[in-house]
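Enquirer: Below you will find the structure I want to go over with you.
The values are calculated or read from the model by the stated rules, or taken from the named source; none is laboratory data. Remember, it's a predicted structure, so these values are computed and weren't measured experimentally. Ideal geometry is used to build each Cβ from the backbone, glycine not excepted, and the neighbour counts take in all protein chains shown. Quick note on the areas: whole protein, heavy atoms, side chains included, nothing else; ligands and nucleic acids left out. Shrake-Rupley method; radii C 1.70, N 1.55, O 1.52, S 1.80 Å.
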Amino acid sequence: MAPGYFRTELLVDGSTVWPELSIDDYAPRTAPRTEGMKGMNGKQPGDPAKLARALLTIAGQDRPLLRFVAGADAIGKTSGWAPCSSSS
């Protein structure tokens, strides 16, 4: 499964351990990424109830999908992936 962002409590401070900027060479990339994720909390585009229903449906199939991309934001990042069907 390749999920996008879903409106859960994953990005709240109590659920996530944010990295310390201990390596100077990585700080210019890590700091904006961390702040961007923090700013996304509560604004994630995916509906967790829809995801749960989809996963239960897939789990109940005789031949479940081998690959499942969930969320419009994740789908937009998979353009280089080879297609995969449930019959593969």
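Enquirer: First compute the accessible area of the chain with a 1.4 Å probe, then give the percent of it belonging to carbon and sulfur atoms. Don't skip to the answer; put the middle values down first.
Expert: Numbers: 3710 of 6620 Å².
Result for the chain: 56 percent of the exposed heavy-atom area is carbon or sulfur.
Enquirer: Go through 66-75, 27-36 and give me the packing order, highest mean Cβ count within 10 Å leading. Each step should come with its number before you reach the end.
Expert: Details: 66-75: 15.0, 27-36: 11.5.
Output ranking for 66-75, 27-36: 66-75, 27-36.
Enquirer: Continuing with this model, one more query. Angle check, please: helix 48-59 long axis (alpha carbons) against the longest principal axis of the chain (alpha carbons), in degrees 0 to 90, nearest 10.
Expert: Roughly 40 degrees between the two axes.
Enquirer: If you don't mind, there's one more thing I want to ask. Angle between the Cα long axis of helix 27-40 and the longest principal axis of the chain, 0 to 90 degrees, nearest 10?
Expert: With both axes taken from Cα atoms, the answer is about 60 degrees.
Enquirer: Okay, next question. At 1.4 Å probe radius, can you tell me the per residue accessible area of the chain in Å²? Mind showing how you got there, number by number?
Expert: Details: 6620 Å² over 88 residues.
Per residue, the chain has an accessible area of 75 Å².
Enquirer: I would also like to ask the following. Once amide H atoms are placed 1.01 Å from N in the peptide plane, what residues at a sequence separation of 5 or more from Gly46, or on another chain, have their amide H within under 5 Å of its amide H?
Expert: For Gly46, the qualifying residues are Tyr5, Phe6, Arg7.
Enquirer: Something else: Per DSSP H run of n ≥ 4, the term is -39500 (n - 2.57); total these for the chain, divide by its residue number, and report the mean residue ellipticity at 222 nm rounded to 500 deg cm²/dmol.
Expert: Numbers: 3 runs with 30 residues, N = 88.
Theoretical 222 nm ellipticity from helices: -10000 deg cm²/dmol.
Enquirer: Using modelled amide H (1.01 Å from N, peptide plane; none on Pro or chain starts), what sits under 5 Å from the amide H of Val69, excluding residues fewer than 5 places away?
Expert: Amide H to amide H, under 5 Å and 5 or more residues apart or across chains, Val69 pairs with Ala2.
Enquirer: Within region 1-17, find all residues whose amide N lies under 11 Å from a label point positioned 7 Å from the Cα of Lys38 along Cα-to-beta-carbon.
Expert: 13
Enquirer: Same structure again: Looking at the square roots a ≥ b ≥ c of the eigenvalues of the Cα gyration tensor of the chain, which shape do they give, rounded for a/c under 1.5, prolate if a/b is larger than b/c, or oblate? Please report the intermediate quantities before stating the final value.
Expert: On the way: a/c = 2.80, a/b = 1.80, b/c = 1.55.
Prolate shape, in that a/c is at least 1.5 and a/b is the bigger ratio.
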